[in-house]
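The values are calculated or read from the model by the stated rules, or taken from the named source; none is laboratory data. Given the structure is predicted, the values throughout are model-derived calculations rather than measurements. Cβ: placed from backbone, ideal geometry, glycine included. Neighbour counts: every protein chain shown. What goes into the accessible areas is simple: the full protein's heavy atoms, side chains included, and nothing from ligands, DNA or RNA. Shrake-Rupley method; radii C 1.70, N 1.55, O 1.52, S 1.80 Å.
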Amino acid sequence: MPISITRVYTRTGDKGETSLVGGKRIPKDSPRIVAYGTVDELNAVLGLVRKANQEEAGPEADRARLDAILGRVQSELFNLGSLLATLPADLAPQQPRIEARHIEALEREIDELNEALPALRSFTLPGGGWTSSYLHLGRTVCRRAEREVVRLAETDEVDPEAIRYLNRLSDLLFVLARVLARASGHGETLWNHERRKG
């Protein structure tokens, strides 16, 4: 899809509407806009993760692998946002899609990374250094993006792979947060679930 951006502002959205891919005008608070806007927000958080990862201590191999994974994921999220910004009838044949292979790649990474981690005996609290903390933030935004896409699917046609992708991506971000908390030397803090007495 060739893209040429020559102007930042157009004034066409000043009355609370925006254009989908294909030209249809809809309100900026519509479920479709909220869904791909939240995917965009997630992508921005992953940019913070990558920046924190560049500056935080830890084994170079772990940091390089994280950057490679998230660089790919950021492009895939742009593809997902493009899909959500396009009505099914307006999808172009060459428009990038989220496919089963993308989800399978996430699953392979989850399995490989999780294999080296100890089993959790409690929930882990967000934290463990800047990179891990931003990964936990990304995980929560990813869950919200998934909820917004599910909400959109209640009224509009949505590719089911979009929901599966976001569901799996939030799992990957959780595992990556655990890996980077340990790699940075900060470690994981577990939930202290105090029991009520009596």
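With the Kirkwood sum run over all distinct C-alpha pairs, segment 12-133 has a hydrodynamic radius of 17.1 Å.
Under 5 Å between amide hydrogens, built in the peptide plane, is the criterion, and for THR124 it picks out TRP191 among residues at least 5 positions away or on other chains.
In the chain, helices alone account for a calculated mean residue ellipticity at 222 nm of -20000 deg cm²/dmol, with every DSSP H run of four or more residues adding -39,500 (n - 2.57).
Rank-order 40-53, 135-148, 90-103 by packing density, defined as the average count of other C-beta atoms within 10 Å over each peptide's residues, highest first.
Details: 40-53: 18.8, 135-148: 21.9, 90-103: 13.0.
Ranked by mean Cβ neighbours within 10 Å, highest first: 135-148, 40-53, 90-103.
Between GLY16, GLY128, GLY81, which gets the highest mean-square fluctuation from a Gaussian network model of the chain, Cα cutoff 10 Å? Checking each option, the largest mean-square fluctuation is seen for GLY16. Solvent exposure of the chain amounts to 59 Å² per residue of accessible area, where only protein heavy atoms count and the probe is 1.4 Å.
For segment 72-184, the fraction of 1.4 Å probe accessible surface lying on carbon and sulfur atoms is 52 percent.
Computed from Cα positions, the angle between helix 60-84 and the longest principal axis of the chain comes to roughly 30 degrees.
Summary of the geometry: segment 142-188 and segment 51-70, compared by the centres of their Cα atoms, lie 20 Å apart. Estimated at 0.36 nm per residue, the fully extended path between ASP156 and ALA61 surpasses their Cα-Cα distance by 29.9 nm. Label-to-label distance, SER30 versus THR140, with points set 7 angstrom from Cα along the beta-carbon direction: 3.1 nm. Full extension of the chain segment joining GLN95 with GLU41 gains 17.3 nm, where the gain is 0.36 nm per residue of separation less the Cα-Cα distance. Farthest towards the positive end of the charge dipole of segment 98-168, among the residues GLY138, ALA105, ASN167, is the Cα of GLY138, using unit charges on the Cβ of Lys, Arg, Asp and Glu.
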